[in-house]
Amino acid sequence: METFEPYPSLALAVMAGLLIGLEREHSRVPGTEGGRAFVGGIRTYPLLALVGATAMLLSRSLGPWPLVVSGLGVIALVSLTWFKDAGAGHLGLTTEVSALLTLLLGALSLSTGIIEPLSRRVFVVSAISVTVTVLLSSKTQLREFSTRLSRDDVIATLKFLIVAVVVLPVLPDEALGPWGVLNPFRIGLMVAVIAGIGFVGYVAMRVWGQGRGLLVTAAIGGLVSSTAVTLSSAARARQTPALAPLAALGVIIASTIMFGRVLAAVFVVEQTLFEALTVPLGAMAATCVALTAWFGWQERAQPHPQAKVELINPFELSSALTFGALIVAIMLVSRWASEHFGASGTYVTGVLAGLADVDAITLTMANGVKSGALPTVVASRTIVLAVAANTVVKGLLAISLGGRAMGLRVLVSFAVVLAVGALALWR
């Protein structure tokens with residue numbers, strides 16, 4: 001592409017302007033164009049991008065002044081039109097900001113020495129253009145999403161982000177504590193990883209899951225806590241026995257998501273361990289999928305009731321600190337058990353930790369493999385044992401709290417899943 005310059009870069013600028021302009025054209029409310037001073041569309045935005053591109057071309061010979069003048073001209077234009085629109089009662093800066101950004105995208109398309117080579121610049125400009133277009137076209141969805149989040153959710157998220165963005169980078173990245181197993185930076189990173197995965201599920205629950213069907217809630221809730229889904233489904237089955245088969249199916253779906261969540265967390269921290277876990281956890285997840293398909297086919301004619309799973313924001317600072325303390329405790333206990341009892345001690349630690357939570361032991365094992373303190377085979381078996389222990393706990397919760405009809409279906413299903421996982425692990 002370099003041979004044909006500047007034509008590819010000019011085409012890139014035009015395409016960026018066309019993409020944003022197309023969205024602006026379709027976002028107009030029919031009959032309201034006459035009330036706005038600045039109404040840009042599929043022609044205006046490509047022209048703005050070309051103004052920026054041409055100014056950048058001239059700047060190569062004339063210095064920065066063409067770009068400065070064109071930038072000030074667009075700023076003056078959008079400022080004047082904004083004041084006129086504000087006087088007419090049309091408040092908002094979205095159109096004006098998108099116009100200025102389109103000018104800058106045109107200039108970036110023709111820039112040299114900033115993003116090289118040209119192929120990379122094409123991807124960067126395209127990515128920014130697509131992101132801008134998505135944001136512009138998602139006005140209604142974003143506003144609805146913001147109304148679903150409470151102020152406490154926002155504050156909790158901001159607190160955690162301060163810790164993750166401000167505090168985490170300055171934590172020492174070195175081995176500390178007994179046996180040198182405590183690395184503050186890695187511990188903080190593991191907390192951020194698992195909280196981020198949980199937050200995706202929490203947001204999805206806020207947007208789609210709460211008040212939706214039991215199975216939709218179970219699938220989304222599995223990203224946060226399959227145990228919480230089990231408790232909620234068991235309560236629903238106890239309250240309405242006719243829903244026991246559907247409640248059991250919800251627990252199986254949440255557990256399927258849990259296997260994927262564990263694999264995702266391991267992949268972020270240690271790819272070697274991820275490869276070792278792909279077969280056993282993948283086999284268990286595939287078995288859950290098969291069971292879900294079978295039971296789902298049996299219950300296809302049944303209505304999906306409304307459901308609600310009570311979850312807390314995983315970005316809540318107290319929750320993050322508690323999870324970090326749990327990781328530290330499991331790291332120390334696991335290393336102590338490994339020192340005194342070898343691999344068997346690590347396995348016992350995994351089972352005990354899995355009774356309450358699989359995320360902490362999962363990240364502990366991943367960190368152990370990454371630091372060289374644990375063999376991959378020991379870590380992978382420990383994680384599978386923890387997942388198995390957690391699965392057994394959910395089965396017992398299902399039969400004790402959800403009743404015989406739900407519990408037996410969950411226990412039998414989990415017995416099959418665990419058998420498949422054992423065969424895959426110790427094959």
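Out of all the residues in region 239-252, which are surrounded by fewer than 24 Cβ atoms within 10 Å (Cβ to Cβ) and more than 9 Å from residue 406 (Cα to Cα)? Scanning region 239-252 gives 239, 240, 242.
Taking the stated definitions as given, is residue 256 surrounded by 18 or more Cβ atoms within 10 Å (Cβ to Cβ), more than 24 Å from the chain's Cα centre (by Cα) and not aliphatic (A, V, I, L, M)? So residue 256 does not fit the description; no. Applying the criterion of being modelled with pLDDT of 75 or more and not in a helix (DSSP H, G or I) to the residues of region 147-192, the residue that is surrounded by the most Cβ atoms within 10 Å (Cβ to Cβ) is 171. Being surrounded by fewer than 18 Cβ atoms within 10 Å (Cβ to Cβ), outside any helix (DSSP H, G or I) and in contact with a helix residue (DSSP H, G or I) (Cβ under 9 Å, 6 or more places away or on another chain) holds for only one residue in 115, 128, and it is 115. Among the residues of region 26-43, is any at pLDDT 80 or above, part of a helix (DSSP H, G or I) and surrounded by 14 or more Cβ atoms within 10 Å (Cβ to Cβ)? Within region 26-43 (the criterion being at pLDDT 80 or above, part of a helix (DSSP H, G or I) and surrounded by 14 or more Cβ atoms within 10 Å (Cβ to Cβ)), the answer is no, since none of the residues qualifies. Scanning region 64-90 for residues being modelled with pLDDT of 80 or more and assigned to a loop (DSSP other than H, G, I, E, B) gives a total of 1.
The values are calculated or read from the model by the stated rules, or taken from the named source; none is laboratory data. Here the structure is a predicted model, which means the values were calculated and not measured. Using ideal geometry, Cβ is built from the backbone for each residue, glycine included, and neighbour counts are taken over all protein chains shown.
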